[in-house]
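The values are calculated or read from the model by the stated rules, or taken from the named source; none is laboratory data. What you see is a predicted model; the values in this text were computed from it and never measured. Here Cβ is always computed from backbone atoms with ideal geometry, including for glycine, and neighbour counts include all displayed protein chains.
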Amino acid sequence: MALHFPEEIVTKHRIKFSAMEGLCILLRRLCYPNRLSDLVKVFNRDISSISRIYLFMLNNIYSRYGHLLRTLKQFWLSPKDLENFCQVCYESGSVLPNICGFIDGTARPICRPTLNQKEQYSGYKKEHCLKYQSVVFPNGLIGRLDGPFNGRRHDAAILHLSGLIKELKEVFVNPDGTWYRLYGDPGYTNSKFINVGYTNKIHLTRYHKIFNKCMSELRVSVEYGFGKILQLFAFNDFKKNNKLLLQPLKKQYIVSALLANCHTCLRGSQVSMYFKVDPPCIYEYLNRR
């Protein structure tokens, strides 16, 4: 198993189960909205045991592999790889020659919280939610996932709070002084490392319109990244069960993103097929430093 669990696991509550059973319980819980009681007949265990096995697997994967989504300093994001990403983006229609990835935010609806309701309410979405920010690359992998942030936060504020720009200064700058950039929607602002489309529709020239059209077609790839998480793990999209103080929402979403990346390593994705870039081997992705 690429996740390197022992064949037999014993929790602090003295519940014994195999690594395969634990992974199956985790995947079954996340794949579709359900109650723990729905899993009793499937796994022939009581509700308490299923809950504890699920939380054990969730916490273990988050603590051991969560760092893979917290930084861009990874082996598959070397200067050579970033240069290749720029090349495939340019060949796929990018107007800019140094775009190597895409940035976007998403809002995951939650139940109305009992505390700090205004902090979690998004005036744009008209609902309570938690927001995440991701960076997706042409090989289909989510390179970095920041969050959750309060629902009222704007994308530009989340970018500042995440500290992403500071890391881009370390990872995206070449020794010769050139640098790579991410492309995002107009919710962000143009800067050295992030480029967005033109927004003033009244004064757009023909070039500006062509630029927006070409780049927006490529930017959809980051939405495929978010979409794959919910396609594979729809439990994260079940608003009635997303209770801020009762469920480990952050761990559930980040582990789901990790597992979605693992799925991409094994089967590819719409993004990797669109750009024709193969993701790394799953064993290397999870274990290579």
Next on the checklist: List pairs: first residue in the range 78-91 and in the same structural domain as Leu182 (by TED's automatic domain parsing), second residue surrounded by 15 or more Cβ atoms within 10 Å (Cβ to Cβ) and of a type in the set (Lys, Arg) anywhere in the structure, Cβ distance under 9 angstrom, at least six positions apart or on different chains.
Outcome noted: Cys86/Arg181
Next on the checklist: Please verify whether Asp185 is in contact with a Phe, Trp or Tyr (Cβ under 7 Å, 6 or more places away or on another chain), buried (at least 17 other Cβ atoms within 10 Å of the Cβ), among the charged types (D, E, K, R) and within 22 Å of Ile229 (Cα to Cα), treating the condition exactly as stated.
Outcome noted: no
Checklist entry - In the range 110-138, what count of residues is obtained for those that are buried (at least 17 other Cβ atoms within 10 Å of the Cβ), outside any loop (DSSP other than H, G, I, E, B) and not hydrophobic (A, V, I, L, M, F, W, C)? => result 8
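Listed here are the residues, each with its yes/no results for (1) under 30 Å from Lys276 (Cβ atoms); (2) among the small types (Gly, Ala, Ser).
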residue	(1), (2)
His4	no, no
Glu8	no, no
Ser18	no, yes
Leu58	no, no
Phe85	yes, no
Glu91	yes, no
Checklist outcome for this item: Over the range 239-289, the set of residues among the hydrophobic types (A, V, I, L, M, F, W, C), outside any helix (DSSP H, G or I) and either in contact with a helix residue (DSSP H, G or I) (Cβ under 7 Å, 6 or more places away or on another chain) or surrounded by 16 or more Cβ atoms within 10 Å (Cβ to Cβ) (or both) is Leu244, Val277, Cys281
Checklist entry - What residue, among those in the range 229-277 that are within 18 Å of Cys111 (Cα to Cα) and basic (Lys, Arg), is farthest from the chain's Cα centre (by Cα)? => result Lys240
Checklist entry - Which of the residues belonging to the range 1-51 are part of a loop (DSSP other than H, G, I, E, B), within 22 Å of the chain's Cα centre (by Cα) and closer than 18 Å to Asn236 by Cα? => result Tyr32, Pro33
